[in-house]
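Peer 1: Quick one: the structure is below, questions incoming.
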Amino acid sequence: MALIFFFLFLFFASHLLSSISGQSSSMESVPDLQNTMYTDVDGYPCVRLLNLSGTIGCSNPGRDKVVAPIVRFENVDDVLELSTILVSLDDFPTLFTRLSADPSFARKVGGVLIESVTDSQKKLNGFSPDQKFPQAEFAPYHNISYEWNPIGSGIMWKSYSFPVFLLTESGTNTLKKFVLKSENKKKAYTSNVAEFDLVMQTMKSGTHDSESCLKEGTCLPLGGYSVWSSLPPINISSSKPPKPIILTVASMDSSSFFRDISLGADSPISGLIALLAAADALSRLDGLGELSKQLVFVVFTGEAWGYLGSRRFLVELDEHSDAVHGLNHSLIEKVLEIGSVGKGLSQGQGQGAKNFFAHAEGDSSATDQIMVALKHAQESLLSEDIRITSASASNPGIPPSSLMTFLNKNPGISGVVLEDFDSSFVNKFYHSYLDDLSNVNSSAVVAAASLVARTLYILASETNDVQNSTLAAINVNVTLVEQLMDCLLDCDPGLSCELVKKYISPASTCASNYVGVILDEPSSTPYLGYINDVPRFIWNFLADITSIPKENNSSSCQKGCNGRDEVCIKAETDGKGVCALSTTRYVPAYSTRLKFDSGVWSVLPPNSSDKMGVVDPVWTESNWNTIGIRVYTVQIAAYDRVVLFGGIALTILAYLAITVTRTFVAKATKRD
């Protein structure tokens with residue numbers, strides 16, 4: 001008996017030694033061991049956002065990481081324990097529809113991983129996580145049950161007490177390799193698990209709304225910086241009376257279910273690119289200073305989260321702040337907003353036709369003037385087959401747009417929104433990560449920019465007899481449009497493109513177009529390190545093309561620029577920059593219900609005179625320490641219990657064997 005146990009001991013000891021010696025050459029440190037055990041997976045997180053009434057988005061349910069076995073969506077009906085659901089893109093909408101309708105099923109979900117695939121749009125008829133009427137509470141009319149976005153599911157506005165990640169293409173491949181490798185070595189007593197690190201500080205501290213988390217310092221307000229620029233620059237010191245303003249508006253931010261992949265190619269970046277291209281086309285004309293009206297271009301941020309940019313812009317105008325020095329609210333005569341224009345080609349009645357729709361609120365002579373100017377611009381572009389049509393009279397009003405802010409402030413203001421749809425969005429991926437470069441057409445954006453540039457010239461001329469020969473000189477740079485699309489809507493080259501690097505040193509390659517959070521005290525001269533790449537590029541680009549050439553073009557910013565009439569452009573690229581005569585400014589964009597004082601944000605009570613402020617959700621984003629996913633293989637609990645009880649049994653048997661052996665030896669010794 002003793003010999004049997006002795007040989008068993010030798011067997012296990014030799015097996016352990018050979019195992020250790022076999023791995024010693026590949027593992028020389030603790031990190032080596034961790035790399036062998038764990039596989040990191042890249043993905044885009046759905047994060048937790050808060051408002052005055054609660055939360056939306058995703059987070060670990062408590063203060064700890066979530067670890068749950070990986071189960072494919074088609075096998076979820078057999079799940080009895082908390083599990084990680086691995087779902088294909090095709091089934092992603094189906095999964096979240098079921099989660100909303102089946103609370104008992106939702107309680108079994110520990111986390112969700114969504115596989116990324118190429119040509120995603122072809123696999124879905126459409127997917128929009130936004131509402132059917134996005135931001136309906138801000139509409140300047142009563143019919144807020146209208147469906148501008150019929151395909152909208154609203155899932156991004158709900159709260160989920162589990163982490164959700166959209167895997168990158170490399171992350172999807174990494175996970176597939178891990179699962180395949182594990183299946184090849186599959187043992188009955190092991191399980192593949194995902195470990196989610198998506199612990200939000202608002203969950204740790206128990207702050208469940210914007211007001212409480214701002215007090216505790218566990219969140220920051222959504223916001224950033226809008227940009228405006230005048231063409232030509234406004235001579236602030238001039239004794240002449242200021243000109244009426246033609247305001248051209250676009251938005252630079254989008255949103256999606258996943259924070260870091262909010263490209264918004266059609267909605268709204270196609271409109272932004274059209275604005276930049278139109279401004280560039282007009283900037284090459286002579287005699288702009290002789291026009292009857294002043295052209296001003298504004299690019300707002302935060303519009304996807306309660307029209308933060310446009311609302312704050314109007315407040316800054318009311319307060320006559322430095323951020324809008326040179327502008328006056330009473331001088332704004334007309335507003336032309338460029339919305340989603342990247343799919344104008346899809347509705348063409350003929351081969352290559354580009355159709356756009358003009359959405360106007362109410363009837364006024366000024367609005368009619370915009371429509372007449374649009375028609376005149378269209379006629380001058382007959383060879384381009386561009387068609388502009390008034391939106392259907394059956395629509396309840398203008399679609400979701402920054403113009404809503406201006407109308408809520410002043411119902412009498414004249415404005416038109418240029419879109420690629422009539423009664424409902426043609427963008428089937430509105431506010432979805434699938435609204436990417438493949439969802440827009442560059443020729444449609446060029447057509448919209450051409451239409452806008454010529455319309456603005458007609459409006460600023462204040463004459464009905466602008467000759468087509470004059471308008472023919474206003475031509476959009478097609479190459480510029482294509483460059484902007486590659487820079488702002490793709491990761492190759494993305495923000496590392498030559499056009500962007502001409503003006504700034506980007507912090508990242510891929511543009512997110514998510515508004516982000518405002519990190520410090522709002523200012524008209526903010527610290528550039530707190531401003532995202534895209535608004536910094538837009539500021540430099542507009543400041544450059546709208547500037548008046550100086551006699552000494554080599555004037556560097558190192559010697560300082562003269563007064564507020566000059567700005568420093570391209571300073572990031574060489575550390576020196578160039579002074580330019582340009583009226584281009586940053587404008588803070590954050591909720592009008594927030595106040596920053598002594599380093600702390602606080603929520604102001606609603607003001608009945610601010611209609612949009614009364615319904616403002618006041619969005620904030622939860623802080624966090626780290627975000628990540630890793631996968632690894634573990635032994636199932638039942639096997640651990642077998643090992644435990646087996647070890648106990650072996651110990652007892654060993655003890656009995658030792659006792660028997662000692663007794664046997666003792667008796668043998670006595671006989672001797």
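The values are calculated or read from the model by the stated rules, or taken from the named source; none is laboratory data. Quick caveat, the model's predicted, so the values are computed rather than measured. Here the Cβ is made from the backbone with ideal geometry for all residues, glycine too, and neighbour counts use every protein chain on show. Please note that ligands, DNA and RNA were not included when accessible areas were found on the heavy atoms of the full protein model with its side chains. Shrake-Rupley method; radii C 1.70, N 1.55, O 1.52, S 1.80 Å.
Peer 1: Grab the beta carbon distance between A393 and A101, set R0 = 41 Å, and tell me the FRET efficiency rounded to 0.05.
Peer 2: Numbers: r = 38 Å, r/R0 = 0.92.
The pair A393/A101 has a calculated efficiency of 0.65.
Peer 1: If you stretched the chain out fully between V179 and K611, how much longer would it get, using 0.36 nm times the residue separation minus the C-alpha to C-alpha distance? Don't skip to the answer; put the middle values down first.
Peer 2: On the way: separation 432, 0.36 × 432 = 155.52 nm, distance 5.37 nm.
Stretched fully, the V179-K611 segment lengthens by 150.1 nm.
Peer 1: Do me a favour and compute the ellipsoid semi-axes for region 289-446 from its Cα gyration tensor, root of five times each eigenvalue, largest one first, whole Å. Let's see the in-between values first.
Peer 2: Numbers: eigenvalues 150, 79, 47 Å².
Computed over region 289-446, the values are 27, 20, 15 Å.
Peer 1: Given a cut-off of 18 Å, name the pairs among K502/K559; K215/K595; K243/K375; K108/K204; K243/K409; K409/K611 whose C-alpha atoms lie farther apart than that in the structure shown.
Peer 2: Working: K502/K559 21 Å; K215/K595 12 Å; K243/K375 24 Å; K108/K204 22 Å; K243/K409 21 Å; K409/K611 8 Å.
Over 18 Å Cα-Cα: K502/K559; K243/K375; K108/K204; K243/K409.
Peer 1: Here is a further query. How big is the antiparallel share of DSSP beta bridges in the chain, given as a percent to the nearest 5? Mind showing how you got there, number by number?
Peer 2: Numbers: 54 of 91 bridges.
Percentage antiparallel, nearest 5: 60.
Peer 1: Okay, moving on. Which aspartates and glutamates have a Cα lying under 18 Å from the Cα of K132, excluding residues fewer than 8 positions away in the same chain?
Peer 2: E147, D266, E303, E419, D420, D422, D435
Peer 1: At 1.4 Å probe radius, can you tell me the per residue accessible area of region 283-363 in Å²? Provide the component values of the computation, followed by the final result.
Peer 2: Values: 2800 Å² over 81 residues.
Solvent-accessible surface per residue comes out at 35 Å².
Peer 1: Order 513-524, 273-284, 96-107 from most to least packed using the mean count of other Cβ atoms within 10 Å. Don't skip to the end; give the middle numbers.
Peer 2: Values: 513-524: 19.7, 273-284: 24.1, 96-107: 13.1.
Descending packing order for the listed peptides: 273-284, 513-524, 96-107.
Peer 1: In Å and whole numbers, how far do the C-alpha atoms of region 261-326 stretch along each principal axis, longest first?
Peer 2: Principal axes ranked by extent give 41, 33, 15 Å for the Cα atoms.
Peer 1: What is the set of long-range amide H partners of I332 at a cut-off below 5 Å, with H atoms built 1.01 Å from backbone N?
Peer 2: HN-HN under 5 Å from I332: I245.
Peer 1: Quick one: P(r) of the chain from all Cα-Cα pairs, 10 Å bins, percents rounded to integers, in order of increasing distance.
Peer 2: Result, from short to long distances: 3, 14, 23, 22, 15, 9, 5, 4, 3, 2, 1, 0, 0, 0 percent.
Peer 1: For region 210-253, what is the accessible area per residue in Å², given a 1.4 Å probe and the full set of protein chains? Mind dumping the intermediate values first?
Peer 2: Values: 1550 Å² over 44 residues.
For region 210-253, the per-residue accessible area is 35 Å².
Peer 1: Using 5 Å bins from zero, what percent of all Cα-Cα pairs in region 369-487 falls into each bin?
Peer 2: Result, from short to long distances: 2, 9, 17, 18, 20, 17, 12, 4, 1, 0 percent.
Peer 1: Can you give me the three principal axis dimensions of region 428-469 from its C-alpha atoms, in Å, biggest first?
Peer 2: The Cα atoms of region 428-469 stretch 44, 18, 12 Å along the principal axes, largest first.
Peer 1: Suppose R0 equals 41 Å; then what is the FRET efficiency for V478 and L528 from their Cβ-Cβ distance, rounded to the nearest 0.05? Intermediate results must be reported in sequence, preceding the final value.
Peer 2: Working: r = 31 Å, r/R0 = 0.76.
Approximately 0.85, to the nearest 0.05.
Peer 1: Carbon and sulfur together cover what percent of the accessible area of region 141-246 at a 1.4 Å probe radius? Mind showing how you got there, number by number?
Peer 2: Numbers: 2580 of 4880 Å².
Reported share for carbon and sulfur atoms: 53 percent.
Peer 1: At a 1.4 Å probe, what is the % contribution of carbon and sulfur to the accessible area of region 332-473?
Peer 2: Details: 2190 of 4960 Å².
That fraction is 44 percent.
Peer 1: Would you please give the residues with an amide H less than 5 Å from that of L86, counting only those at least 5 places away or on a separate chain, with H modeled from the backbone geometry?
Peer 2: Amide H neighbours of L86: V71, R72, F73, L113.
Peer 1: From the backbone phi of region 478-491, what are the Karplus-calculated ³J(HN,Hα) couplings (6.51 cos²θ - 1.76 cosθ + 1.60, θ = phi - 60°) in whole Hz, Gly and Pro given as x?
Peer 2: 4, 4, 4, 4, 5, 5, 4, 5, 5, 6, 9, 10, 9, 9
Peer 1: Treat each spin label as a single point 7 Å out from the Cα along the C-beta direction, and report the N235 to N143 distance in nm.
Peer 2: Taking the simple label geometry, N235 and N143 are separated by 4.9 nm.
Peer 1: Follow-up. Measuring from label point to label point, each 7 Å out along Cα→Cβ, what is the K501 to E216 span in nm?
Peer 2: Calculated label separation equals 4.5 nm.
Peer 1: Translational D (Stokes-Einstein, µm²/s) of region 566-608 at 20 °C and 1.002 mPa s when Rh comes from the Kirkwood sum over C-alpha pairs?
Peer 2: Values: Rh = 13.8 Å.
Diffusion coefficient, whole number: 156 µm²/s.
Peer 1: In whole percent, what relative contact order does the chain give with Cα contacts below 8 Å and a gap of six or more residues?
Peer 2: Working: 1364 pairs, mean separation 141.6, N = 672.
Value for the chain: 21 percent.
Peer 1: A follow-up question, please. For region 186-301, what is the convex hull volume of its Cα atoms per residue in Å³? List each step's numbers first, then the result.
Peer 2: Working: hull volume 23.2 nm³, N = 116.
Each residue corresponds to 200 Å³ of Cα convex hull volume.
Peer 1: Could the peptides 493-504, 219-230 be put in order, highest first, of the mean number of other beta-carbon atoms found within 10 Å of their residues?
Peer 2: On the way: 493-504: 17.6, 219-230: 26.5.
Highest-to-lowest ranking by the protection proxy: 219-230, 493-504.
Peer 1: Helix-only mean residue ellipticity at 222 nm, the chain, DSSP H runs n ≥ 4 weighted -39,500 (n - 2.57), per residue, nearest 500. What is it? Walk me through the intermediate numbers first.
Peer 2: Values: 20 runs with 221 residues, N = 672.
Mean residue ellipticity at 222 nm (helix-derived): -10000 deg cm²/dmol.
Peer 1: Continuing with this model, one more query. Would you please classify the overall shape of region 428-532 from the alpha carbon gyration tensor, given that a ≥ b ≥ c denote the square roots of the eigenvalues, rounded means a/c under 1.5, and beyond that prolate means a/b larger than b/c while oblate covers the rest? Write out the running numbers ahead of the final one.
Peer 2: Values: a/c = 2.12, a/b = 1.56, b/c = 1.36.
Here region 428-532 falls in the prolate category.
Peer 1: Along region 430-440, what does the Karplus equation 6.51 cos²θ - 1.76 cosθ + 1.60 (θ = phi - 60°) give for ³J(HN,Hα), rounded to whole Hz, x for Gly and Pro?
Peer 2: 4, 6, 10, 5, 7, 7, 10, 4, 6, 9, 10
Peer 1: Got a sec? What order do W157, W601 fall in by accessible area at 1.4 Å, biggest, i.e. largest, first?
Peer 2: Numbers: W157 50, W601 15 Å².
I get W157, W601, largest accessible area first.
Peer 1: Full extension from L82 to T669: what is 0.36 nm times the residue separation minus their Cα-Cα distance, to one decimal in nm?
Peer 2: Here the segment from L82 to T669 would lengthen by 205.2 nm.
Peer 1: For region 163-312, give the share of DSSP beta bridges that are antiparallel, in percent and rounded to the nearest 5; count only bridges with both residues there. Intermediate results must be reported in sequence, preceding the final value.
Peer 2: Values: 5 of 12 bridges.
Of the beta bridges lying entirely in region 163-312, close to 40 percent run antiparallel.
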